[in-house]
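Beneath this line is the structure, given in structure tokens, with notes to follow.
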């Protein structure tokens, strides 16, 4: 619903002008053990006894029985769609399958969809909700570290198309997000590290204290899977707070020069070309490292700082080299494609030291080539 609508008729020009603002309000809430019958959060978003759920297959395999028991306890009539939410399946075919599920179960215009899964599923189902009946509400329940610190915060929803990531999509916020870090306990190490990549990105570009926390607590965070003590909570809180600080004033991306695009300038095409072997967070951190090499070329960081960034990435078990980030032609192609998304501008975020940044729009080919040389050297130190 649009509020503060201003309508004006210009009798001379015989035209009407309409100006309106769309208010946005949603909550992110810690909700421990969402399938525990003592936790009523999943039941709180509509008064109807019916719940409509879309859940990732991997999550269902792990928690499906608990979810059935939970809704059975409250005698809830729930309709469920299970999807194998991989990056390869984030396409129009699976978009259509989800929309058909909505149609088959007769989803009402104001009936919230509960989405339980990782970032791919949250993106895809959010996109479906944005276009079904021109918009139906939904609730995010992120189940991966990456989704908790990234997809849970923003309002962008999308599907892959034309062999490009997120080529079709919208800005469509959920009505709420429930954060349950217990889900992280069932993730394997690679997927936890994949989530750490987005935290690492934010730490390098805008939060020195968070970077130092990652630097000193890497082993604990990975081995304990963010489950114990105060450090994991501090890390997650800092990451979410940092993302909200950057995204909230610019939800519709009217401003295209954004520091949160650090790690997303060269990586989208490279990720899609290696979709079977390279996860999103891995592609992002490789982009962060290569962009840090550009910062070194520019003199924004010194050799010791660059080495510290790489060393922390290694300590976090993040990848520090991939051949495609040493391929000049592919890097140029990737940046040129990203520039279309940034309205013809590079808007390349680069670190200044650790915890600060500068966005440039004049990167030269020679600087990309010089950064490749550094990228190939520093990984071995």
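Any read-out appearing in this document is the output of simple, stated calculations on the displayed coordinates, not a laboratory observation. None of the values given here were measured: they were computed from a predicted structure. Here the Cβ positions follow ideal geometry from the backbone for every residue, glycine too, while neighbour counts run over all protein chains shown.
The table that follows gives values for the structure above.
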{"quantity": "Counted residues, the range 182-205 - those being without any contact (Cβ under 8 Å) to a residue 60 or more places away in the chain, part of a helix (DSSP H, G or I) and surrounded by fewer than 19 Cβ atoms within 10 Å (Cβ to Cβ)", "calculated": "1"}
{"quantity": "Qualifying residue in the range 226-239 (condition: more than 19 Å from the chain's Cα centre (by Cα) and at positive phi)", "calculated": "yes"}
